[in-house]
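Report on one structure; see the data block that follows.
What follows draws every value from the coordinates through simple rules; no lab data is involved. In this text the structure is predicted, and so the values were computed from the model without any measurement. Cβ atoms come from the backbone with ideal geometry, glycine included; neighbour counts cover every protein chain shown.
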Amino acid sequence: AERPVTSPDFIATLCLALGMDTHKEFMAPGNRPMPMVDKVAKPITEMLG
């Protein structure tokens, strides 16, 4: 592999491919913001070619 890939990177790639905003946050119980994808995740653009 040219670069290490993490699980959050893979989830970010799926969200990007589906047209979802990877920076969106949802409100969890207790009114806490919860990100859709880990903030350090980077989509694997090589997969989307």
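Scanning region 12-49 for residues that are assigned to a helix (DSSP H, G or I) and β-branched (Val, Ile, Thr), we see that the one that is nearest to the chain's Cα centre (by Cα) is Thr13.
Every residue in region 38-49 that is surrounded by 14 or more Cβ atoms within 10 Å (Cβ to Cβ) and either under 10 Å from Phe10 (Cα atoms) or touching an Asp or Glu at 6+ places or on another chain (Cβ under 6 Å) (or both), please. Answer for region 38-49, where residues must be surrounded by 14 or more Cβ atoms within 10 Å (Cβ to Cβ) and either under 10 Å from Phe10 (Cα atoms) or touching an Asp or Glu at 6+ places or on another chain (Cβ under 6 Å) (or both): Ala41, Lys42, Pro43, Ile44. Residues that are surrounded by fewer than 14 Cβ atoms within 10 Å (Cβ to Cβ), in a loop (DSSP other than H, G, I, E, B) and among the polar types (S, T, N, Q): does region 4-11 have at least one? Yes - at least one qualifying residue is present in region 4-11.
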